[in-house]
Amino acid sequence: MTGGAAAEELLVVGGGVSGIACARAIADAGCPVVVRDRGHRLGGRMAVKTIDDRPVDVGASYFTVSVPAFQNVVDRWLDVELVRPWTDTFHVGDPGGLLGTRTGPMRYATPLGLRSLIEDLSLGLPLRNPDDVREVEPGPTVDSTAYAGVALAMPGPQALDLLGDSLEAERAASGGMWEPCIALIATYDKRVWPDLDGVFVNDSVVLTFVADDGRRRGDDAPVLVAHAHPVLSAAHLDNPDAAIAPMLGELEGVLGISVAPSSVIAKRWSLAKPVNPHVEHYFLGKSGVGLCGDGWHGPSRIESAYLSGRALGRAMARRGPAAA
Ligand SMILES: Cc1cc2nc3c(=O)[nH]c(=O)nc-3n(C[C@H](O)[C@H](O)[C@H](O)COP(=O)(O)OP(=O)(O)OC[C@H]3O[C@@H](n4cnc5c(N)ncnc54)[C@H](O)[C@@H]3O)c2cc1C
């Protein structure tokens with residue numbers, strides 16, 4: 001085990017929105033912190049793929065705001081044009097076609113992709129990635145290095161994989177079912193569907209939501225991102241490409257698209273969404289190991305994950321080094 005100076009430092013494992021919000025809260029409280037993430041890029045499920053030289057959100061689609069604490073952050077992003085108000089109105093459809101529209105909260109989107117927000121939030125934080133954390137043991141120690149405290153900012157099943165058997169309370173708090181999602185990114189030569197921003201698809205076991213990525217991004221590029229129903233996603237997790245044909249078939253039914261896309265990609269999210277997120281904002285045990293993310297502070301969404309991470313970070317900073 002490595003001790004000494006490192007034992008004064010707090011570690012956040014996970015560079016998604018909850019982890020970066022957690023680390024930011026710790027740093028703002030004046031405590032030393034480092035973030036480790038296994039990805040080459042930060043962002044987690046706020047992932048972006050570059051297709052034909054433009055960013056496409058292939059994980060989370062947009063975000064909403066319901067509390068002032070998150071609105072303040074979003075207002076700053078709006079000021080620097082990292083965020084744009086996208087729409088408050090989506091269409092509703094079923095496998096037979098479009099049925100109407102439904103108005104709800106403002107959905108915010110990003111010209112550069114949602115990951116750009118994580119890159120902004122993480123500015124100035126000490127980051128180590130790609131860095132695949134393997135085990136968390138009492139101490140707390142992570143891969144044999146001692147830390148003053150450790151936040152696991154990730155879906156519960158991923159945290160469970162890291163937690164040693166003796167961290168029983170942490171393991172119990174990491175439990176719960178998660179749904180998968182396959183995202184289909186389809187590009188076209190031109191826009192061949194009705195004028196809309198997005199569609200909630202009802203009465204389907206194939207699709208749940210379709211976003212018009214050009215409208216979301218604001219450049220009107222002919223790109224759609226469709227999310228598969230958890231049942232279809234679970235059936236094709238081992239081979240996501242097998243979900244492409246049924247998803248394109250349903251796009252034809254919902255949006256009347258009769259031409260083939262010019263390119264198509266299927267992206268798998270094994271742990272897309274918790275089935276029953278905890279109502280508590282986070283978990284922090286006597287061991288100094290904390291849990292946060294969208295499995296906490298339900299319902300699962302970007303805003304909840306941000307608030308969960310921030311709350312855990314503040315609690316860890318207040319607690320300081322774990323009791324020996
Ligand atoms: C398809 C899809 C659509 C969605 N749509 C929306 C939406 O429209 N609106 C909305 O608000 N939310 C949406 N969400 C949910 C939203 O993406 C999440 O709530 C949010 O991004 C969760 O952030 P997080 O930090 O908790 O977890 P994550 O983003 O999953 O971050 C966890 C991080 O931990 C890292 N990690 C895991 N294990 C290790 C390890 N062993 N070592 C090191 N690092 C590790 C991962 O690399 C990852 O970066 C969607 C999610 C998906 C998948």
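The values are calculated or read from the model by the stated rules, or taken from the named source; none is laboratory data. In this text, all values refer to a predicted model and were calculated from it rather than measured experimentally. Glycine gets a Cβ as well: all are built from the backbone with ideal geometry, and neighbour counts include every protein chain shown.
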Which pairs turn up if I take residues in segment 36-53 that are of a type in the set (D, E) and look for partners that are part of a loop (DSSP other than H, G, I, E, B) and within 12 Å of the ligand (Cβ to nearest atom) with beta carbon separation below 6 Å, at least 6 apart in sequence or on another chain? D37/G15; D37/N129
Note down all Cβ pairs under 8 Å where the first residue falls in segment 92-119 and is acidic (D, E), the second is not in a strand (DSSP E or B), and they're at least six residues apart or on different chains. D94/N202; D94/D203; D94/S204; D94/V254; E119/L42; E119/G43
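Does G139 satisfy the criteria of being under 29 Å from P299 (Cβ atoms) and modelled with pLDDT under 95?
Numbers: under 29 Å from P299 (Cβ atoms): no; modelled with pLDDT under 95: yes.
Criteria not met by G139.
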Would you confirm, using the coordinates I've provided, whether E280 is within 16 Å of the ligand (Cβ to nearest atom), surrounded by fewer than 16 Cβ atoms within 10 Å (Cβ to Cβ) and modelled with pLDDT of 95 or more? yes
Here is a check on your reading of the model: is D57 within 16 Å of the ligand (Cβ to nearest atom) and crowded, with 17+ Cβ neighbours inside 10 Å? yes
Can you tell me how many residues in segment 107-135 are more than 10 Å from the ligand (Cβ to nearest atom), surrounded by 20 or more Cβ atoms within 10 Å (Cβ to Cβ) and hydroxyl-bearing (S, T, Y)? 2
Scan segment 147-161 and tell me whether some residue there is away from the ligand (no atom under 14 Å from the Cβ), hydrophobic (A, V, I, L, M, F, W, C) and outside the structural domain of D79 (by TED's automatic domain parsing). yes
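What residue, of D238, D294, is within 13 Å of the ligand (Cβ to nearest atom) and out of contact with any Cys (no Cβ under 8 Å at 6 or more places or on another chain)?
On the way: D238 fails: within 13 Å of the ligand (Cβ to nearest atom).
After ruling out the rest, the residue left standing is D294.
For segment 126-143, which residues satisfy the criterion of being touching a residue at least 60 places away in the same chain (Cβ under 8 Å) and out of contact with any strand residue (DSSP E or B) (no Cβ under 6 Å at 6 or more places or on another chain)? Working first, answer last.
We begin by selecting, within segment 126-143, every residue touching a residue at least 60 places away in the same chain (Cβ under 8 Å); these are 126-133, 136, 138-142.
Passing the criteria: N129, P130, D132, P138, T141.
Results for (1) of a type in the set (D, E, K, R); (2) crowded, with 16+ Cβ neighbours inside 10 Å; (3) out of contact with any helix residue (DSSP H, G or I) (no Cβ under 7 Å at 6 or more places or on another chain), shown as yes or no for each residue.
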| site | (1), (2), (3) |
| --- | --- |
| E137 | yes, yes, yes |
| D165 | yes, no, yes |
| S174 | no, yes, no |
| I185 | no, yes, yes |
| W193 | no, yes, no |
| F200 | no, yes, yes |
| D203 | yes, no, yes |
| T208 | no, yes, yes |
| P222 | no, yes, no |
